[in-house]
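Each remark here refers to the structure printed beneath this line.
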Amino acid sequence: MNTPKFKLFIVLGALLFVITLMIPSLVVLPFTEDQVTGKLGEQLKKGESPAETKVTSSGPAVEVAVFQMQKKQTVTLPLEEYIVGVVASEMPREFEKEALKAQALAARTYIVNQMLKESKTELPGGALVTDTIQHQVYKDDTELRRIFKDDYSWAIKKIREAVTETSGQIITYNGSPIDASFFSTSNGYTENPEEVWSMPLPYLKSVESPWDLKSPKFGGQKVVTVSEFEQKLGVKLPKDSTIGTVTERTVGKRVGEVEINGKTIKGKDIRELLGLKSTDFTWERKGDKIIINTKGNGHGVGMSQYGANGMAAEGKSYKDIIAHYYQGVEVTASDNILTKVLAKK
């Protein structure tokens, strides 16, 4: 016959057996939960080498085919890796991270816009773009290591972070990707696109950009001979020391048109023909030389890179920068648009 004390031993033994079975489950449960939510994966990524960490997008897996002009070959790579190469090539690595993020957003928007276009440039190997200023400058990791040298480790880490923190985002206007043009340095104002490409766009309007005045690329000078000036512009200068008269200014405070000895020439044509850094120029004739001084560097349409860096240095975010240089736009997820890109292939 069982005594009460013996029964108590049986109950305690059963409880001890159950607890022993449950302990492994209780220990594993928190780690399993981390694994499901992705937290454990994020912790592992933080331990990787910055140079080896690949930037991935949370959206559809889209690739970009780039024709490398010097190597005469087409390479195909993931969209976000392409953006890393563009940001590293188009914007100084010393710039503030928020400026680099704005550049990443502009670069991603540009290439997505190219993917959606019906008419494509005929490039070797089915490439969508080149790696030059004809589209966007792109350099691969090998080239970046050679260019950055001792700066490579910290520079690529910073750039990859900028790309990762904007991954999957593009700039849209009324739901469509914009023409996210950008340039180096303004003359204090950006330019309307119709002054450069004869094509107005509602989100590309001239805005003030006072940060550019501190840019090392703000001022420029070029000296040409009178004969070179006449030959390249197809004009004959007056016998006196005058050159020409500005008859029209653009909204962006640049030279719209100039009259030279009876001939009218657009400021943008003078910039192109003489190889000037900007259409905001003044000139002076000294003997057989013409000294031309410029303000700004680039076409002036869209986002000023040095302006973006100036805004970032003042504490502005990449979204603030985008909102300033592109009017009435939204920063949106690219998933739906990239799905359309894949459907076209």
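With respect to E272, determine if the residue is surrounded by fewer than 21 Cβ atoms within 10 Å (Cβ to Cβ), among the charged types (D, E, K, R), closer than 25 Å to Q134 by Cβ and not assigned by TED's automatic domain parsing to the domain that holds P177.
So E272 passes the test.
Take the conditions surrounded by fewer than 18 Cβ atoms within 10 Å (Cβ to Cβ) and within 14 Å of A155 (Cβ to Cβ) and apply them to E94. Does it pass?
yes
Among the residues that make up the stretch 137-147, is at least one of them free of Cβ contacts under 8 Å to residues at least 60 places away in the same chain, assigned to a helix (DSSP H, G or I) and either touching a strand residue (DSSP E or B) at 6+ places or on another chain (Cβ under 7 Å) or crowded, with 20+ Cβ neighbours inside 10 Å (or both)?
Yes, the conditions are met somewhere in the stretch 137-147.
I'm checking my understanding of the structure. Among residues of the stretch 148-160 that are within 21 Å of E80 (Cβ to Cβ) and not hydrophobic (A, V, I, L, M, F, W, C), which one is surrounded by the most Cβ atoms within 10 Å (Cβ to Cβ)?
In this case the residue turns out to be R160.
Checking G256 against (1) modelled with pLDDT of 95 or more; (2) out of contact with any helix residue (DSSP H, G or I) (no Cβ under 6 Å at 6 or more places or on another chain), which test does it fail?
With (1) modelled with pLDDT of 95 or more; (2) out of contact with any helix residue (DSSP H, G or I) (no Cβ under 6 Å at 6 or more places or on another chain) applied to G256, the lone miss is (2).
Which is at negative phi, crowded, with 22+ Cβ neighbours inside 10 Å and assigned to a loop (DSSP other than H, G, I, E, B), of T242, T279?
Only one candidate passes the filter, namely T279.
Can you find a residue that is free of Cβ contacts under 8 Å to residues at least 40 places away in the same chain and crowded, with 22+ Cβ neighbours inside 10 Å anywhere in the stretch 251-265?
For the stretch 251-265, residues free of Cβ contacts under 8 Å to residues at least 40 places away in the same chain and crowded, with 22+ Cβ neighbours inside 10 Å: present.
Out of the residues in the stretch 58-91 meeting the condition of being out of contact with any strand residue (DSSP E or B) (no Cβ under 6 Å at 6 or more places or on another chain) and either farther than 25 Å from A155 by Cβ or among the hydroxyl-bearing types (S, T, Y) (or both), tell me which one is modelled with the lowest pLDDT.
Among residues in the stretch 58-91 that are out of contact with any strand residue (DSSP E or B) (no Cβ under 6 Å at 6 or more places or on another chain) and either farther than 25 Å from A155 by Cβ or among the hydroxyl-bearing types (S, T, Y) (or both), the one modelled with the lowest pLDDT is S58.
Just to be sure before I move on: is V196 part of a strand (DSSP E or B) and surrounded by 17 or more Cβ atoms within 10 Å (Cβ to Cβ) in the structure I sent?
no
Only one of these is aliphatic (A, V, I, L, M) and either closer than 28 Å to Y173 by Cβ or surrounded by 19 or more Cβ atoms within 10 Å (Cβ to Cβ) (or both): I337, I291. Name it.
After applying the criteria, what remains is I337.
The values are calculated or read from the model by the stated rules, or taken from the named source; none is laboratory data. Quick caveat, the model's predicted, so the values are computed rather than measured. Every residue, glycine as well, gets a Cβ built from its backbone with ideal geometry; the counts of neighbours run over all protein chains shown.
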